[in-house]
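Peer 1: Sharing a structure with you now.
The values are calculated or read from the model by the stated rules, or taken from the named source; none is laboratory data. Please read all numbers here as calculations on a predicted model, not as lab measurements. Every residue, glycine as well, gets a Cβ built from its backbone with ideal geometry; the counts of neighbours run over all protein chains shown.
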Amino acid sequence: MKIGEKLKIVREELNFTIKDISRLTKIPIPTLYGYENGHIKNIPNDKLVILANLYGKDLSYFLDFKKDNIILNHEMKLLDSLLTINEEIIIQLTGDEKIANEINYYMIKRIKKNLINKH
């Protein structure tokens, strides 16, 4: 689904008219129609941020980011630390580094899948 279609659907779900949105955002009515019907394809970032905030949606909802690429740096560091600790515990319990690596591999796949579904 295209950005304009999403903008229109969310606006209508919130029972806003184009006139309401124009009044609240100071974006001209013809411009808003252009966004929604696809005549304006390159919506300026600042305008899209304003609309996303007004609609209570994350910017990624409109931009179709690949969810598996949107993991914040601190989340990756935390995940790496947890996996390292997990690997050490498994090695201590089993005495087998190969098993620990295999378990971590499957944990990473599952965590990645959950992160994608979460977003």
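Peer 1: Got a sec? Which of LEU24, LEU7, LEU32, LEU14 is touching an Asp or Glu at 6+ places or on another chain (Cβ under 6 Å), at pLDDT 90 or above and surrounded by 12 or more Cβ atoms within 10 Å (Cβ to Cβ)?
Peer 2: That would be LEU7, the only listed residue that is touching an Asp or Glu at 6+ places or on another chain (Cβ under 6 Å), at pLDDT 90 or above and surrounded by 12 or more Cβ atoms within 10 Å (Cβ to Cβ).
Peer 1: Let me ask something additional. Inside the stretch 3-30, can you point out the residues that are in a helix (DSSP H, G or I) and of a type in the set (A, V, I, L, M, F, W, C)? Talk me through it step by step, then tell me what you get.
Peer 2: Here is the first cut: in the stretch 3-30, the residues in a helix (DSSP H, G or I) are 3-13, 18-25, 29-30.
Correct list: ILE3, LEU7, ILE9, VAL10, ILE18, ILE21, LEU24, ILE29.
Peer 1: Considering (1) surrounded by 12 or more Cβ atoms within 10 Å (Cβ to Cβ); (2) in a helix (DSSP H, G or I), say which one ILE40 fails and leave the rest.
Peer 2: Evaluating ILE40 over (1) surrounded by 12 or more Cβ atoms within 10 Å (Cβ to Cβ); (2) in a helix (DSSP H, G or I) leaves (2) as the failure.
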